[in-house]
Amino acid sequence: MINSSIKSKLKGIVGEKYITDDPVELYCYSHDFVSRALSWMNRDYNLTPDLVIKPLNTDQVKEIIDIANNEHLEIIPRGAGTSYGGQFLPIKGGVILDFNRMNKILEINTEDNFAIVEPGVLYKDLSKRLRNTGKGYWIPCNPGSADVCTIGGMIANNASGESAIKYGTTRDYVLNLKTILGTGQKIQLGRLVKKTVSGLDLLSLFIGSEGTLGVITEATLQFIALPESFITVLGFFDSIEVVVQMAKKIKDYIIPMSLEIVDQLILSGMNSYLSRLTPKIVLKVVEAALLVRLDGDEKVISDHANYIANLISRNKYSSDVKILRGIEHDYLWKARDGAGPSLLRIIRPFRNVATFPPAIMDFSVPYSKIYSLMNKLAEIMKANNLAFSRLGHLGDGNVHLLCTIPLKSKADIQKISDIQNELVKLAISFGGSVTAEHGCGVWKAPYLDLEHGKEVIELMSKIKSIFDPNNILNPGKMYSINKLALFPTTNK
Ligand SMILES: Cc1cc2nc3c(=O)[nH]c(=O)nc-3n(C[C@H](O)[C@H](O)[C@H](O)COP(=O)(O)OP(=O)(O)OC[C@H]3O[C@@H](n4cnc5c(N)ncnc54)[C@H](O)[C@@H]3O)c2cc1C
């Protein structure tokens, strides 16, 4: 509980209108996909903040952090709240710092190709500005949630998506950050150049730190020229294993912009989305499809597309190879981006409130292990009699497993936990990672020891204690030694 004199001080900073402890509003900040499903059964998963504050500028953030330090308040920065890992959950109450008012694009510089933005700017809005600037620019590290997520959230999560194989992750576009540390100290990290070896790379440390080291109040991002054209080669296959082999051949020929696998269920989900659009596109529902997106000079990528289409057509397990351009191309990728949510429309258990959502399953493994991982995922799900679906960014070895687990009793939570433990151990035994892009937050945090070893986690915690000695920033998350294990884990 935060007492009334502290609340008054905070109101004095942002104004009465931009601070709330109204239970209805707090409820809107108290869940993510996972905890909402769990909270139907167990009140411990109702993770309500004590206050929500919406600052307008850096000075206000600094004053809030100073009060938090003096009064031992816990601060959870929040962008659009789309994280899959429970990163923004107020697991011990505290104050949510909602950045939606800090949403100004401060500068677009086309001489040196950088944009300076406040953290609450939506990726979508920045992209629109860049597309319409000069000859057209972009920052090609968009996650599937690009239409709704914020730049601050993308940086803090080091978000990435279907184009990471060619263009990397958010980290590759951040030149400069202004942040306020847990100590209240204002610092600036990075320069206006991409190439520098002057000292330790603290900028990089903040990217992907999930709001645990400092609060980002301004970011400078590099942008690049938009490609002239986009083309996608789409091939349907009777075997997931063959898709994985085919993708390797393509990867060894050229680095495409995207190299995606989707399975049968996802194809049905994509069809349910595409059926609402004109012109009509109907995807063949087979074991799996491979989507190869190319970008660049029209002539060059047309040649590459023809080569790849020919390669796929010659494979005896493939059928219906298509080369998509223009509106059909764009619709296909909209459908792919919405693959997870579109499953909600077609799988019955997803309509049931007591269903475990698809959020937790995000792994990466070395390429040679992708098929084994996907295969094992299927075996585990089948053994547990659960509906599931697999998709992935093949170029990065990043596999997602979507599944539905109806939650009716505590035993079901244990079941999720057991399944997750098994999958995590498998990915790690393959030399992989427990999360490729969705982040650690609370759901994957308990497995970090397993991936990195205790000594490394202790080092991470020591680093945190330098930037945030009073542990006020997003406590209990990621590498925190005292993290809350909301799932019963068996990894010790
Ligand atoms: C449909 C869907 C598809 C998705 N697809 C992808 C995908 O392809 N790839 C991917 O990487 N992720 C994906 N995500 C996850 C998520 O959308 C992204 O990671 C996104 O970048 C999070 O942005 P956000 O604004 O919602 O941040 P939030 O979820 O609000 O916050 C994310 C983290 O950033 C911290 N934070 C926010 N603002 C600040 C700040 N100013 N200073 C310091 N810390 C801050 C928060 O504390 C939290 O730890 C997807 C999510 C959905 C719902």
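The values are calculated or read from the model by the stated rules, or taken from the named source; none is laboratory data. Model, not experiment: these values are computed from the prediction. Cβ sites come from the backbone with ideal geometry, for glycine too, and all protein chains shown count toward neighbours.
In region 11-25, the condition of being of a type outside the set (A, V, I, L, M, F, W, C), buried (at least 18 other Cβ atoms within 10 Å of the Cβ) and within 16 Å of the ligand (Cβ to nearest atom) is met by no residue. In region 193-217, the residues that are under 21 Å from residue 115 (Cβ atoms) reach residues that are buried (at least 24 other Cβ atoms within 10 Å of the Cβ) and among the small types (Gly, Ala, Ser) with C-beta atoms within less than 7 angstrom, at least six apart or across chains, in these pairs: 206/214; 214/182; 216/152; 216/156.
When you check residue 218 against the structure, is it acidic (Asp, Glu), surrounded by fewer than 24 Cβ atoms within 10 Å (Cβ to Cβ) and in contact with a Leu (Cβ under 9 Å, 6 or more places away or on another chain), yes or no? Taking the combined requirement at face value, the residue satisfies it.
Restricting the first member to region 422-440 and to residues that are part of a helix (DSSP H, G or I), and the second to residues that are at pLDDT 90 or above and within 16 Å of the ligand (Cβ to nearest atom), the beta-carbon pairs closer than 6 Å and six or more apart or on different chains are 424/434; 427/363. Among the candidates 86, 120, 81, the residue that is in a loop (DSSP other than H, G, I, E, B), in the same structural domain as residue 154 (by TED's automatic domain parsing) and near the ligand (Cβ under 10 Å from one of its atoms) is uniquely 120. Can you spot a residue in region 27-37 that is within 16 Å of the ligand (Cβ to nearest atom), assigned to a loop (DSSP other than H, G, I, E, B), among the acidic types (Asp, Glu) and over 24 Å from residue 184 (Cβ atoms)? Yes, some residue in region 27-37 is within 16 Å of the ligand (Cβ to nearest atom), assigned to a loop (DSSP other than H, G, I, E, B), among the acidic types (Asp, Glu) and over 24 Å from residue 184 (Cβ atoms).
What do you reckon, is residue 89 farther than 30 Å from residue 116 by Cα and modelled with pLDDT under 95? Judged against the criteria, residue 89 is not a match. A search for C-beta distances below 6 Å between a residue of region 113-133 that is modelled with pLDDT of 95 or more and any residue that is more than 16 Å from the ligand (Cβ to nearest atom) and among the charged types (D, E, K, R), counting only pairs 6+ apart in sequence or on different chains, returns 116/107.
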